[in-house]
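Visitor: Take this structure, written in structure tokens, and hold onto it; I'll ask about it next.
The values are calculated or read from the model by the stated rules, or taken from the named source; none is laboratory data. As the structure is a computational prediction, the values presented were derived from the model and not from experiment. Glycine gets a Cβ as well: all are built from the backbone with ideal geometry, and neighbour counts include every protein chain shown.
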Amino acid sequence: MRILIIGAGNAGRQLALRLCEEKHNVVMVDTDPQALIEAEAKLDILTVCGPGSSPRVLDEAQVDKCHLSIAVTDCDEVNILACLYAHAAGVPRNIARVASPEYIHSGNAYDLSAMGIDLVINQKQECAQEIFQSLSMPGAVEAFDLFAGKVIVAGFRVTDTSPLLGTTPATSEKPELIQQIRMIAIQRERELIIPHGDTTFELNDLVYILGERNTVAEFSEWICPELEPMKKVIIAGGGDLGLMLAKLIEDSVECVLLEQNEERALFCSSQLQKTLILRADALAESTLTETGITDRTAFVALTGDDEDNIMNCLMARKQGVGFTAAQIARTDYIPVIESLNLVNRVVSPYISTTHAILHYLRSQKIKAAALLHNLPGELLDIIIKSDSKLCGKKIKNIKMPRSAIIATVMREEEVVSATGDLDLVAGDRLIIFTHQDAVKKIQSVFLK
């Protein structure tokens with residue numbers, strides 16, 4: 001597939017990297033020649049220098065030969081106009097990233113999807129949803145919903161106090177709980193392992209499970225008893241991301257928003273109903289003391305400065321908060337921060353955007369796809385069509401790649417265990433975990 005990416009920033013480079021790994025032909029457009037030179041040196045792509053909203057530049061990039069356009073510059077108007085031009089040039093699918101919520105909630109009269117933009121993504125909204133999931137299950141390294149919340153995927157670290165350490169799924173002290181969830185993958189240093197009954201869990205293993213929300217929550221409490229659900233959330237930074245997160249959580253937990261700018265603090269106050277807003281510097285030790293921190297408090301640093309966010313979290317941890325999360329714009333910082341365990345959770349709007357776009361990219365034939373931040377694999381949500389050769393076939397008789405596993409099945413709104421003797425029927429939705437290298441093999445098996 002030929003894909004046009006407009007914008008060579010963090011989001012554009014992340015997308016180009018993942019799309020090149022999947023052997024797509026990528027053309028990148030940006031006004032910064034140095035950014036294009038750096039991207040071209042690391043990736044097998046073509047580049048065109050100039051504004052992505054210029055018809056001349058789009059013609060130079062041969063937009064009419066592209067199957068997909070993705071506009072992820074820092075300017076909403078450029079992204080929207082570029083996608084409108086691409087649509088006019090005959091590009092079948094067009095994706096625009098926007099920062100302003102107005103472009104998403106503009107009403108039917110100004111619906112961008114009706115104008116030819118198939119997907120409009122607000123990266124901060126995507127990131128806020130991700131943080132919300134983390135706060136709902138603090139013991140998980142990452143977690144997200146599938147099947148409209150009926151199934152949840154979560155990753156947990158095996159620590160030196162973990163009840164999983166040294167055991168196998170078959171010898172666990174809670175076999176009845178293990179049977180209710182599906183262990184889909186283990187990340188052990190740089191090795192990806194598909195677990196079986198005799199797989200031994202080792203220290204620092206990152207174990208991913210899939211199951212119904214209540215069961216996964218029970219698993220989280222068992223494997224991470226020291227991380228109880230949070231009763232209070234302190235958000236440092238009242239920008240768009242901080243405001244979006246506060247709106248998501250203020251009805252369920254006590255929420256405090258810290259914002260230094262008086263005008264912005266007043267605006268946030270007008271938008272929130274139950275959140276306490278303090279005009280204060282989160283880096284000041286007295287500020288954290290005044291907010292009433294306990295071990296059931298989560299601290300989320302969402303300012304525009306990576307270093308400040310890290311320091312905010314370190315100070316909050318020193319004060320005794322039970323959970324910390326930080327927004328990091330520079331994606332090259334993330335592996336270092338995670339390896340040093342500076343915060344409990346790192347979030348990046350750019351990575352959240354990449355996930356959402358790749359999710360959509362495969363949704364034309366495969367219903368949905370979710371990429372895991374810390375695991376070199378993907379979750380595919382596949383629907384069995386009525387004319388599929390797999391109808392009536394048992395799961396154990398499907399020739400699956402060794403690096404893939406069917407995690408669960410949704411049948412008529414009910415979650416069904418993906419046992420080997422289960423006969424697939426038309427309409428079944430399968431969640432399949434697979435290594436990235438096996439995605440095309442999965443497509444060939446299930447989309448014939």
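Visitor: Could you grab me the full set of residues in segment 218-251 that are farther than 30 Å from residue 266 by Cα and either touching a strand residue (DSSP E or B) at 6+ places or on another chain (Cβ under 8 Å) or crowded, with 22+ Cβ neighbours inside 10 Å (or both)?
Guide: Once the filter is applied, which keeps residues that are farther than 30 Å from residue 266 by Cα and either touching a strand residue (DSSP E or B) at 6+ places or on another chain (Cβ under 8 Å) or crowded, with 22+ Cβ neighbours inside 10 Å (or both), segment 218-251 yields 219, 220, 223, 224, 227.
Visitor: Another one. With respect to the numbered conditions (1) buried (at least 22 other Cβ atoms within 10 Å of the Cβ); (2) under 30 Å from residue 414 (Cβ atoms), which one is the sole condition not fulfilled by residue 215?
Guide: The single condition residue 215 does not satisfy is (1).
Visitor: Can you tell me which condition residue 149 does not meet? The list is (1) at pLDDT below 80; (2) under 18 Å from the mean Cα position of the chain (by Cα); (3) within 16 Å of residue 353 (Cβ to Cβ), and all the others hold.
Guide: (3)
Visitor: Continuing with the same structure: Out of all the residues in segment 163-176, which are under 22 Å from residue 419 (Cα atoms) and crowded, with 16+ Cβ neighbours inside 10 Å?
Guide: Within segment 163-176, 169, 172 meet the criteria.
Visitor: Hey, another quick one. If only one of 177, 203 is outside any strand (DSSP E or B) and modelled with pLDDT of 90 or more, which one is it?
Guide: 203
Visitor: Now for a separate question. Being among the small types (Gly, Ala, Ser), in a loop (DSSP other than H, G, I, E, B) and surrounded by fewer than 17 Cβ atoms within 10 Å (Cβ to Cβ) is the filter here, so list the residues in segment 262-295 that pass it.
Guide: Of everything in segment 262-295, those that are among the small types (Gly, Ala, Ser), in a loop (DSSP other than H, G, I, E, B) and surrounded by fewer than 17 Cβ atoms within 10 Å (Cβ to Cβ) turn out to be 284, 292.
Visitor: Among the listed residues 6, 37, 70, which satisfies the condition of being touching a residue at least 40 places away in the same chain (Cβ under 8 Å) and either closer than 29 Å to residue 442 by Cα or surrounded by fewer than 24 Cβ atoms within 10 Å (Cβ to Cβ) (or both)?
Guide: 70
Visitor: Give me the residue from segment 43-67 that is without any contact (Cβ under 8 Å) to a residue 24 or more places away in the chain and among the hydrophobic types (A, V, I, L, M, F, W, C) and, out of that set, surrounded by the most Cβ atoms within 10 Å (Cβ to Cβ).
Guide: Among residues in segment 43-67 that are without any contact (Cβ under 8 Å) to a residue 24 or more places away in the chain and among the hydrophobic types (A, V, I, L, M, F, W, C), the one surrounded by the most Cβ atoms within 10 Å (Cβ to Cβ) is 48.
Visitor: Go through segment 166-189 and count every residue that is touching a residue at least 24 places away in the same chain (Cβ under 8 Å) and within 30 Å of residue 335 (Cβ to Cβ).
Guide: 10
Visitor: In addition: Somewhere in segment 422-441, is a residue part of a loop (DSSP other than H, G, I, E, B), touching a helix residue (DSSP H, G or I) at 6+ places or on another chain (Cβ under 9 Å) and crowded, with 16+ Cβ neighbours inside 10 Å?
Guide: Yes: segment 422-441 contains one or more residues that are part of a loop (DSSP other than H, G, I, E, B), touching a helix residue (DSSP H, G or I) at 6+ places or on another chain (Cβ under 9 Å) and crowded, with 16+ Cβ neighbours inside 10 Å.
Visitor: Looking only at segment 296-310, count every residue that is part of a loop (DSSP other than H, G, I, E, B) and farther than 16 Å from residue 331 by Cα and tell me the total.
Guide: Within segment 296-310, residues that are part of a loop (DSSP other than H, G, I, E, B) and farther than 16 Å from residue 331 by Cα number 1.
Visitor: Here is a follow-up. Within the group 130, 126, which residue is within 20 Å of residue 210 (Cα to Cα), part of a helix (DSSP H, G or I) and of a type outside the set (Ser, Thr, Tyr)?
Guide: 130
Visitor: Then there's this: Where in segment 316-384 are the strands (runs of 3 or more DSSP E), entirely inside, with at least 3 residues that are at pLDDT below 80?
Guide: 368-371, 377-383
Visitor: While we're looking at this one, here's another question. Out of all the residues in segment 49-101, which are acidic (Asp, Glu) and not in a loop (DSSP other than H, G, I, E, B)?
Guide: Across segment 49-101, the qualifying residues are 59, 60, 64, 76, 77.
Visitor: Restricting attention to segment 102-123, report how many residues are among the small types (Gly, Ala, Ser) and assigned to a helix (DSSP H, G or I).
Guide: Residues meeting the conditions: 3.
Visitor: Tell me which residues, restricted to segment 136-162, are surrounded by fewer than 16 Cβ atoms within 10 Å (Cβ to Cβ) and part of a strand (DSSP E or B).
Guide: Passing the criteria: only 145.
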